[in-house]
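Read the structure below first, then the notes.
The values are calculated or read from the model by the stated rules, or taken from the named source; none is laboratory data. Just so we're clear, the structure is a prediction, and the values are computed from it rather than from any experiment. Virtual Cβ from ideal backbone geometry, glycine too; neighbours counted across all protein chains shown. Calculation scope for accessible area: heavy atoms of the full protein, side chains included, ligands and nucleic acids excluded. Shrake-Rupley method; radii C 1.70, N 1.55, O 1.52, S 1.80 Å.
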Amino acid sequence: MTDRAVKRIAIVGTGVIGASWAAQYLARGFDVVATDPGPDAEANLRHYVGTAWKALERIGLSENASQQRLEFTLDLRKAVSGADFVQENGPERKEFKIKLFADIDEAAPPHAILASSSSGLTMSTIQSGCKRPERCVIGHPFNPPHLIPLVEVVGGAKTSPETIRRVIAFYESIGKKAIHVRKEVVGHVANRLQAALYREVLHLIEQEVLDVSDADAAVCWGPGLRWGVMGPSLLFHLGGGDGGIRHLLDHLGPAMEVWWKDLGRMEHIAPELEERVIAGVAQEVTGRSIEQLDQERDEVLLGLLALRAAKPAAGGTR
């Protein structure tokens, strides 16, 4: 593969994640060609991009950003044949994904990087049918990709170090926060962290320690506010005062070990608990639609992103 500039991006699969990626790349001034066999896929994609554009304008568009640079085709080979970078967002089904990546690999130019947004499958599995597996990589975003900077970059057994380097450099060049997940694990990193926290949330609800609304408040009005500024290790470093993280682990570590022993160990969500959570969410929503909740979330996210851009925190920098 040659280390050439990315100018044209192919989006394979235009559901919520693929459409959000398309908006992101258009806002950064790329030519984007999208493909999806689903009914009304093109109309839904263009509607999503048009809706997301208002938020992207607030973040700041690149000089050549334009919704007019979006093309759509039902022909997968045509979509990827001229691409420098492919962002795949197909269904999370093993055999389907292996075949899809093999088809993309067959049709895409030799220099193109093939990135998958997969959150559940490993790249070692996905690339297993490819003739050029060294250029295949996981580029897993956090939803919605056009707003949340995080991208998890994970190579497979046959992914080259050069591909990892190029992908991280590319994502960071368009304003993403790319992290290199150095070992394949199910769910990558961010989703595992979410799952670990939510297991304890469900455990506390099941034990009637608190209800759904208070559990959400405990996160978003407490540690969640701090996590939007710095990561847990750096925050604990601050919590240790002059002694830093060493002092905190020495003095709070034994207490945390006691808490860990008492954490919920559930491996299955019982039907009764599921119904309780669903009912609690319905009460917390108070009649607001998904679209209204999306707007509320994005409005706060835009404010936080503006603050982070003005005063970048020390946590998580390279």
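Selection over the range 245-259 of residues that are open to solvent by 80 Å² or more (accessible area, probe 1.4 Å) and under 30 Å from the mean Cα position of the chain (by Cα) gives a count of 1. Per the listing Ile98, Ile104, Ile11, Ile17, the residue uniquely outside any helix (DSSP H, G or I) and either β-branched (Val, Ile, Thr) or in contact (Cβ under 8 Å) with a residue 12 or more places away in the chain (or both) is Ile11. Evaluating Ala5 against the criteria (1) at pLDDT below 95; (2) buried (at least 24 other Cβ atoms within 10 Å of the Cβ) leaves one unmet condition, (2). Residues in the range 155-175: is at least one in a strand (DSSP E or B) and not polar (S, T, N, Q)? There is at least one residue in the range 155-175 that is in a strand (DSSP E or B) and not polar (S, T, N, Q).
Is there a residue being touching a residue at least 12 places away in the same chain (Cβ under 8 Å), open to solvent by less than 60 Å² (accessible area, probe 1.4 Å) and more than 23 Å from Arg308 (Cβ to Cβ) anywhere in the range 218-231? Looking through the range 218-231, none of the residues is touching a residue at least 12 places away in the same chain (Cβ under 8 Å), open to solvent by less than 60 Å² (accessible area, probe 1.4 Å) and more than 23 Å from Arg308 (Cβ to Cβ). Listed conditions (1) more than 30 Å from Lys176 (Cα to Cα); (2) in contact with a helix residue (DSSP H, G or I) (Cβ under 8 Å, 6 or more places away or on another chain) are all met by Glu275, apart from (2).
So which residues in the range 133-154 are assigned to a strand (DSSP E or B) and open to solvent by less than 20 Å² (accessible area, probe 1.4 Å)?
So in the range 133-154, the residues assigned to a strand (DSSP E or B) come out as 136-141, 150-154.
Residues satisfying the conditions are Cys136, Val137, Ile138, Gly139, His140, Pro141, Val151, Glu152, Val153, Val154.
For the range 20-38, taking the residues that are in a loop (DSSP other than H, G, I, E, B) and at pLDDT 95 or above, the one that is most open to solvent (accessible area, probe 1.4 Å) is identified as Pro37. Close Cβ contacts (under 7 Å, 6 or more residues apart or on different chains) running from residues in the range 43-60 that are farther than 18 Å from Arg297 by Cβ to residues that are aromatic (Phe, Trp, Tyr) and not in a helix (DSSP H, G or I) comprise Leu45/Phe72.
Of all the criteria given as (1) assigned to a helix (DSSP H, G or I); (2) surrounded by 10 or more Cβ atoms within 10 Å (Cβ to Cβ), the one not satisfied by Asp242 is (2).
Taken together, the residues in the range 193-217 that are over 16 Å from Asp262 (Cβ atoms) and either in contact with a helix residue (DSSP H, G or I) (Cβ under 9 Å, 6 or more places away or on another chain) or open to solvent by 50 Å² or more (accessible area, probe 1.4 Å) (or both) amount to 10.
Looking across the range 270-309, just one residue is part of a loop (DSSP other than H, G, I, E, B) and of a type in the set (D, E, K, R), and that is Arg288.
Looking across Thr286, Thr317, one residue alone is at pLDDT 90 or above and open to solvent by 50 Å² or more (accessible area, probe 1.4 Å). It is Thr286.
Scanning the range 104-124 for residues that are open to solvent by 20 Å² or more (accessible area, probe 1.4 Å) and closer than 23 Å to Val16 by Cβ returns Ser119, Gly120, Leu121, Thr122.
Look through Asn44, Asn64 and report the one residue that is open to solvent by 30 Å² or more (accessible area, probe 1.4 Å), polar (S, T, N, Q) and within 20 Å of Pro144 (Cβ to Cβ).
That would be Asn44, the only listed residue that is open to solvent by 30 Å² or more (accessible area, probe 1.4 Å), polar (S, T, N, Q) and within 20 Å of Pro144 (Cβ to Cβ).
Listed by first and then second residue, the pairs with beta-carbon distance under 7 Å, at least 6 apart or on different chains, first residue in the range 184-203 and in contact (Cβ under 8 Å) with a residue 24 or more places away in the chain and basic (Lys, Arg), second exposed (fewer than 15 other Cβ atoms within 10 Å of the Cβ) and outside any helix (DSSP H, G or I), are Arg199/Gly264; Arg199/Met266.
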